[in-house]
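Report on one structure; see the data block that follows.
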Amino acid sequence: MRKLSVLVPVYNEHSTVLELLSRVQKVSLPLEKELLVVDDGSTDGTAEILKGPLEPNVRVFFHERNLGKGAALRTALKHATGDFVLIQDADLEYDPEDYAALLQPLLDNKADVSYGSRFLGGPHRVLLFWHYVANRSLTLVADILYDVNLTDMGTCYKAFVADKIRGIPLRCDRFGIEAEITAKVCKRRLRIFEVPISYSGRTYAEGKKITWTAALAYLWCLLKYRVLD
């Protein structure tokens, strides 16, 4: 049976990480699953939770200090053994029940990369207008620079044929990794599909971490990797 590697970068998510892992385990797929969890220097007790008993298909890696989402994804990817790779944040904003739709273009050999778009009509929690504007604006920049028609460049839910993502050098340590991945899969003219997903975003009071500085990192990476690799 073919295997799915779920990469789970975690930073200070003590209240959600076990529930997230449980939801991933419950998803029914025609694939074996392995979960590669990277605690990125958490200081809220998340690391201690992850040192407790977990399912046999969960492997946990620890960064001594916070290095960023990109660094955590590189650590997880280095240990992934699946035929397909999927990125999953640990904050419950994204629903693992969307895996089947996200993976179908890959399983059908119609795509090398599959993006779960929050802007294609799936159910979503109504939240912050300026986050919406920033997401759509940065996606437009990506579309112009790379001659594509994505609707959600910054989505967490990105899935890949494993050999395709392993062949791409990833360098960004922090949130800029989302833009770097988009830039590099577009430059390589990989086959990209988008599918609608649900989205239950958090407020800052509920623990949301991404700030306006991430928008600057996204923009810089989109421009930088248009020229560099």
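Derivation of every value follows stated rules applied to the coordinates shown; laboratory data play no part. The model shown is predicted, which means the values in this text are computed figures rather than measured ones. Glycine also receives a Cβ, built like all others from the backbone with ideal geometry; neighbour counts cover every protein chain displayed.
Here are some notes:
- In segment 35-61, residue surrounded by the fewest Cβ atoms within 10 Å (Cβ to Cβ) [restricted to those that are within 15 Å of D89 (Cβ to Cβ) and polar (S, T, N, Q)]: S42
- Considering segment 136-186, the residues that are acidic (D, E) and within 23 Å of A72 (Cβ to Cβ) include one that is surrounded by the fewest Cβ atoms within 10 Å (Cβ to Cβ), namely D163.
- Helices (runs of 4 or more DSSP H) lying entirely in segment 111-189 (those with 1 or more residues that are hydrophobic (A, V, I, L, M, F, W, C), out of contact with any Pro (no Cβ under 7 Å at 6 or more places or on another chain) and without any contact (Cβ under 8 Å) to a residue 60 or more places away in the chain): 129-146, 177-187
- The condition of being more than 19 Å from N12 (Cα to Cα), surrounded by fewer than 20 Cβ atoms within 10 Å (Cβ to Cβ) and charged (D, E, K, R) holds for only one of E64, E32, that being E32.
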